[in-house]
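Participant: If you scroll down you'll find the structure; I have some questions about it.
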Amino acid sequence: KAISRLQIHDVSKNVRQNLSEKYRGSRMINLTLNTKIYRPIKQVFDFVSEPENDFQWQYGTLASTRLSDRVSALGSFFQSVGHLMGRRIEGTFEVTEYEPYAKYGFKSLSGPLNSQTSYTFEITEGSTRVNVSTQANLVNFFQMDERVVEKTIKKQIRENLAMLKSLLETAQVVAAPW
């Protein structure tokens with residue numbers, strides 16, 4: 001049965017209206033942080049772009065696993081379990097950016113936050129500069145004040161980057177089980 005353009009437009013309009021109602025009163029958080037890691041760009045990119053490594057450097061992450069057999073790549077999925085602000089959170093994510101040694105990004109498909117995170121990697125002064133940009137929509141996230149959640153997420157990202165730098169520069173990385 002053929003679907004007309006008008007029907008597709010109506011469905012799209014309804015989805016936009018529902019999303020608009022869902023996020024009414026919420027505020028988008030935009031955070032950008034970076035660090036320099038004195039390791040080769042390949043090593044840094046490979047480590048960051050493997051979800052199974054997340055527990056080693058992302059505060060609050062208990063476990064992450066790929067949901068498909070393929071290596072993290074555009075369109076692949078992973079699941080993560082962790083905690084934020086004393087609450088257990090689970091989420092499914094889709095890899096939305098994957099450019100070896102340059103970009104890695106993902107968006108949430110489920111969980112308490114609607115988020116998009118992007119890492120960029122560049123060679124600079126004998127090191128790898130890692131930039132992380134996160135946008136999160138706090139939709140009734142545990143009924144918390146958005147400013148408190150924003151400060152907590154910013155602190156967490158800053159700590160994550162410090163842990164990543166420490167792990168990679170001191171070679172304290174645990175080998176992935178695959």
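Participant: Averaging sequence separations of C-alpha pairs under 8 Å and six or more residues apart, then dividing by the length of the stretch 29-178, give the relative contact order as a whole percent.
Facilitator: Values: 292 pairs, mean separation 41.4, N = 150.
Computed over the stretch 29-178, the figure is 28 percent.
Participant: Would you mind listing how long the stretch 47-140 runs along its three principal axes, going by Cα atoms, in whole Å with the largest first?
Facilitator: In descending order, the Cα extents are 41, 29, 23 Å.
Participant: Okay, moving on. How much accessible surface area, in Å² rounded to 10, belongs to the heavy atoms of VAL148 with a 1.4 Å probe?
Facilitator: Counting only protein heavy atoms, VAL148 exposes about 70 Å² to solvent.
Participant: Here's something else I'd like to know. Please compute the alpha carbon radius of gyration of the stretch 85-161, then divide it by the globular-protein estimate 2.2 N^0.38 Å. Two decimals is fine. Before the final figure, lay out the partial values.
Facilitator: Working: Rg = 14.2 Å, N = 77, 2.2 N^0.38 = 11.5 Å.
Taking N as the residue count of the stretch 85-161, the ratio is 1.24.
Participant: Just list whichever of LYS36/LYS151; LYS103/LYS155; LYS36/LYS103; LYS42/LYS107; LYS36/LYS155; LYS103/LYS151 have alpha carbons separated by over 20 Å in the model shown.
Facilitator: Working: LYS36/LYS151 22 Å; LYS103/LYS155 23 Å; LYS36/LYS103 16 Å; LYS42/LYS107 23 Å; LYS36/LYS155 17 Å; LYS103/LYS151 25 Å.
Those over the limit are LYS36/LYS151; LYS103/LYS155; LYS42/LYS107; LYS103/LYS151.
The values are calculated or read from the model by the stated rules, or taken from the named source; none is laboratory data. All figures in this text were calculated on a predicted structure; none of them were measured in a lab. Ligands, DNA and RNA are excluded from the accessible area calculation, which covers all protein heavy atoms including side chains. Shrake-Rupley method; radii C 1.70, N 1.55, O 1.52, S 1.80 Å.
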